[in-house]
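To keep things clear, I will list the structure first and then write my remarks on it.
The values are calculated or read from the model by the stated rules, or taken from the named source; none is laboratory data. Here the structure is a predicted model, which is why all the values come from computation and not from measurement. Using ideal geometry, Cβ is built from the backbone for each residue, glycine included, and neighbour counts are taken over all protein chains shown. For accessibility, only protein heavy atoms count, side chains too; no ligands or nucleic acids. Shrake-Rupley method; radii C 1.70, N 1.55, O 1.52, S 1.80 Å.
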Amino acid sequence: MGALTWRNIDSKRVDFSRISAFDYKYGLNAILQLPWKLQLGTDLTVYGRRGYEGSTMNTDDVVWNARLSRPFMKGKITCMLDAFDILGDLSNITSAINAQGRTETWTNTLLRYVMFHVAWNMTTKRIKN
């Protein structure tokens, strides 16, 4: 997978420096069938930014996520174990540029976590008249 966004930012403000920058992402996804009806899904993505004036905005963040799942009761219940940002490369500070200039945003979030959850498939068969 991959994506590229080019930004050509200009302003009529006297002290504004023109910016020609790009943001990109690329990565891989995989789903593997393992023994004992286990399924491993994983993705590795690199998010990058280049062309900005400040070094804090020219970044590369590597994000690796994984999910291990197993169905039970003929697929009616699925247990899943998710791991997000296994490498711990994400930051809670986001930098952006708008018409007024550069802004930084701090967020309180869980940057990396492991979560166990259960999904119950509640579909029923139709009765024919």
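Structure notes:
- Those residues of the stretch 24-53 which are in a loop (DSSP other than H, G, I, E, B), touching a residue at least 24 places away in the same chain (Cβ under 8 Å) and surrounded by 10 or more Cβ atoms within 10 Å (Cβ to Cβ), in sequence order: Lys37, Leu38, Gly51, Tyr52, Glu53
- Filter pass, Leu87 being under 27 Å from His117 (Cβ atoms), surrounded by 13 or more Cβ atoms within 10 Å (Cβ to Cβ) and among the aliphatic types (A, V, I, L, M): no
- Take the conditions (1) touching a strand residue (DSSP E or B) at 6+ places or on another chain (Cβ under 8 Å); (2) farther than 20 Å from Met115 by Cβ; (3) open to solvent by 80 Å² or more (accessible area, probe 1.4 Å); (4) at pLDDT 90 or above; Thr56 misses just one of them, which is (4).
- Ser11 passes every criterion in (1) surrounded by 13 or more Cβ atoms within 10 Å (Cβ to Cβ); (2) of a type in the set (S, T, N, Q); (3) under 15 Å from the mean Cα position of the chain (by Cα) apart from (3).
- Looking at Ala3, Ala21, Ala96, just one residue is at pLDDT 90 or above and either open to solvent by less than 70 Å² (accessible area, probe 1.4 Å) or over 14 Å from the mean Cα position of the chain (by Cα) (or both), and that residue is Ala3.
- The one condition in (1) at pLDDT 95 or above; (2) open to solvent by 70 Å² or more (accessible area, probe 1.4 Å) that Asn65 fails to fulfil: (2)
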